[in-house]
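Notes to accompany the following structure.
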Amino acid sequence: MPLQIRRNACTSFLRENLLTILTIIGVVSGTLLGWGLRASGIEWSRRDVMYFQYPGELFLRMLKSLIVPLLVSSIVSAIGSLDLSLSGKVGLRAIIYYMTTTICAVMLGIALVTTIKPGQHSEEYNTNSTKKLVTKDTLTSDTLLDLIRNVFPENLAQATIASYRTRLTYDQNDTKIIKGQLETYKIEGDYQSGSNVLGLVCFSVVLGITLGKMGDKSQPLQTFFHSLSEAMMIITGWVIWLSPLGVFFLVTAKIMEIESFAELVGRLGLYFMTVLLGLFLHGFGTLSVLFILATKKLPCRYIAKMGQVMATAFGTASSSATMPITIGCCDDMGLDPRITRFVIPIGATINMDGTALYEAVAAIFIAQMRKVDMSFGKIVAVSVTATAASIGAAGIPQAGLVTMVMVLDTVNLPAEDVSIILAVDWLLDRFRTTINVVCDALGAIIVTSLSQGDIEKTRALQNEREVAAGHELAELEKGEH
């Protein structure tokens with residue numbers, strides 16, 4: 001009998017965690033195959049790598065195609081179905097949690113990089129010998145202003161495919177003297193490819209609040225968004241079963257295209273370990289402490305259920321693409337779907353703890369290599385800028401490199417210095433994305449736990465209203481008879 005019980009328990013465990021196990025196997029086997037192909041002695045061309053990456057690219061495109069309809073429908077249906085006072089409390093708790101974790105991540109990163117000082121133990125790097133991969137065509141102030149501009153898109157259809165960006169164009173023949181200084185650039189704006197998620201989130205929140213205030217008149221529209229959200233989750237369930245193969249090919253191709261492992265373990269080794277240590281301490285230290293304080297529970301069993309989410313985040317390096325899977329994971333944990341569908345999309349948009357920590361460490365690391373003195377004021381400026389930059393970073397692979405330019409500008413370092421850390425960014429990007437999605441999921445659990453009392457009160461009031469409405473209807477029917 002005990003043997004049969006153990007067999008049944010093992011079978012049940014495998015049935016419940018089969019997809020997670022297969023996805024982790026996909027990550028590990030993709031890593032081993034990538035190393036094996038590199039060690040084979042064959043020089044793989046970019047076209048060869050593209051062929052290996054192709055199945056993974058298709059999987060990533062499928063996930064990304066779900067982002068906009070799922071994000072909009074989830075937020076609108078969640079806020080519309082919640083009591084307005086409750087949705088305000090949920091939103092406030094979520095934002096406070098995300099801001100707290102981001103600030104903690106930045107402070108932890110700065111503490112580690114100023115203590116370990118990885119830049120002082122690395123040889124000075126000559127960026128003149130490398131290709132200039134980034135050009136400074138924007139200022140920090142422009143990036144911060146664009147962040148606010150994108151919150152208010154001028155065209156919702158355009159916001160689904162592009163976001164606004166201020167760009168400086170230089171023309172020596174068109175100069176202007178301002179306050180005794182020569183101005184050689186024009187300020188122009190254009191749209192870059194990639195969904196304006198901030199704008200879509202803002203519109204969805206406003207629409208959800210509006211539907212909540214309209215009462216019964218909004219029922220048809222609420223039903224539409226609720227049905228759309230459920231339909232997107234069903235499609236997500238189908239796509240998820242492709243994740244083991246998708247992450248297998250994505251990881252294999254990424255390892256095949258690495259130019260030099262010597263840089264990973266050599267000049268950038270200490271920097272790499274500093275960022276990795278910071279991510280580990282934040283993910284399993286800071287977040288765990290906050291989780292215990294908020295819920296009075298240990299996070300271990302919840303994190304153990306996030307294997308599928310973490311493996312997909314590591315394989316795709318995109319928190320936005322992982323968002324449908326994160327929502328599905330929270331649903332499987334039994335969380336209130338109205339809260340998860342509100343909190344998770346917002347978290348995938350503005351909560352980038354891993355990115356904030358990485359950008360703070362990278363900026364100070366480069367300053368240490370360049371022997372730039374980092375005063376207390378500069379460190380505070382880096383922390384503030386890294387926090388703002390992480391909010392503005394898109395949930396796509398290596399988006400942090402773009403906002404990294406803004407942080408470098410804070411300590412007066414050239415944008416080209418981003419190329420110093422480029423050799424290891426692809427791998428760190430996967431680790432920080434994993435921490436980002438874990439933080440989102442834990443945030444949904446924390447907000448649900450803190451809002452439990454309000455949810456029960458709302459349900460009680462709703463039941464009272466339904467009972468009162470039933471009595472009124474019964475009285476009316478009696479009067480008619």
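The values are calculated or read from the model by the stated rules, or taken from the named source; none is laboratory data. Just so you know, these numbers come straight off a predicted model, no measurement behind them. Don't worry about glycine lacking a Cβ; one is built from the backbone with ideal geometry, like all the others, and counts go over all protein chains shown. Accessible surface areas use protein heavy atoms only, side chains included; no ligands, DNA or RNA. Shrake-Rupley method; radii C 1.70, N 1.55, O 1.52, S 1.80 Å.
Checking each residue of segment 212-226 against the condition of being assigned to a helix (DSSP H, G or I), under 30 Å from Leu84 (Cβ atoms) and aliphatic (A, V, I, L, M) gives at least one match.
Considering (1) open to solvent by 60 Å² or more (accessible area, probe 1.4 Å); (2) at negative phi; (3) free of Cβ contacts under 8 Å to residues at least 60 places away in the same chain, the lone condition that Gly36 does not fulfil carries the number (1). So is Ser288 within 17 Å of Ile344 (Cβ to Cβ) and small (Gly, Ala, Ser) or not? When the stated conditions are applied, Ser288 does not pass them. Only one entry in Phe280, Phe249, Phe284, Phe224 is crowded, with 21+ Cβ neighbours inside 10 Å and at pLDDT 85 or above, namely Phe249.
Which residue out of Met306, Met323 is over 24 Å from Leu198 (Cβ atoms), buried (at least 17 other Cβ atoms within 10 Å of the Cβ) and either within 20 Å of the chain's Cα centre (by Cα) or not aromatic (Phe, Trp, Tyr) (or both)? Break it down into steps so the answer makes sense when it comes.
Values: Met323 fails: over 24 Å from Leu198 (Cβ atoms).
From the options Met306, Met323, the qualifying one is Met306.
Exactly one residue out of Ile435, Ile446 is in contact with a helix residue (DSSP H, G or I) (Cβ under 6 Å, 6 or more places away or on another chain) and open to solvent by less than 10 Å² (accessible area, probe 1.4 Å), and it is Ile446.
Being closer than 26 Å to Val380 by Cα and over 14 Å from the mean Cα position of the chain (by Cα) is a description that applies to Leu287.
For (1) in contact with a helix residue (DSSP H, G or I) (Cβ under 7 Å, 6 or more places away or on another chain); (2) hydroxyl-bearing (Ser, Thr, Tyr); (3) at pLDDT 85 or above, each residue gets a yes or a no:
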{"position": "Thr11", "(1), (2), (3)": "no, yes, no"}
{"position": "Arg15", "(1), (2), (3)": "no, no, no"}
{"position": "Ile42", "(1), (2), (3)": "no, no, no"}
{"position": "Ser45", "(1), (2), (3)": "no, yes, no"}
{"position": "Ser77", "(1), (2), (3)": "yes, yes, yes"}
{"position": "Leu112", "(1), (2), (3)": "yes, no, yes"}
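For beta carbons closer than 8 Å, sequence separation of 6+ or different chains, a first residue in segment 289-305 that is over 18 Å from Thr100 (Cα atoms) and a second that is modelled with pLDDT under 90 and assigned to a loop (DSSP other than H, G, I, E, B), the qualifying pairs are Tyr302/Met333; Lys305/Met333. Among the conditions (1) part of a loop (DSSP other than H, G, I, E, B); (2) at pLDDT 70 or above; (3) surrounded by 13 or more Cβ atoms within 10 Å (Cβ to Cβ), Tyr125 misses just one, which is (2).
In segment 95-116, is there at least one residue being open to solvent by 20 Å² or more (accessible area, probe 1.4 Å) and either at positive phi or among the charged types (D, E, K, R) (or both)? No, segment 95-116 contains no residue that is open to solvent by 20 Å² or more (accessible area, probe 1.4 Å) and either at positive phi or among the charged types (D, E, K, R) (or both).
Taking the condition under 21 Å from the mean Cα position of the chain (by Cα) and either under 30 Å from Arg165 (Cα atoms) or not in a loop (DSSP other than H, G, I, E, B) (or both), does Val206 pass? The answer is no for Val206. Scanning segment 315-350 for residues that are in a helix (DSSP H, G or I), of a type in the set (Gly, Ala, Ser) and out of contact with any Ser or Thr (no Cβ under 7 Å at 6 or more places or on another chain) yields a total of 4.
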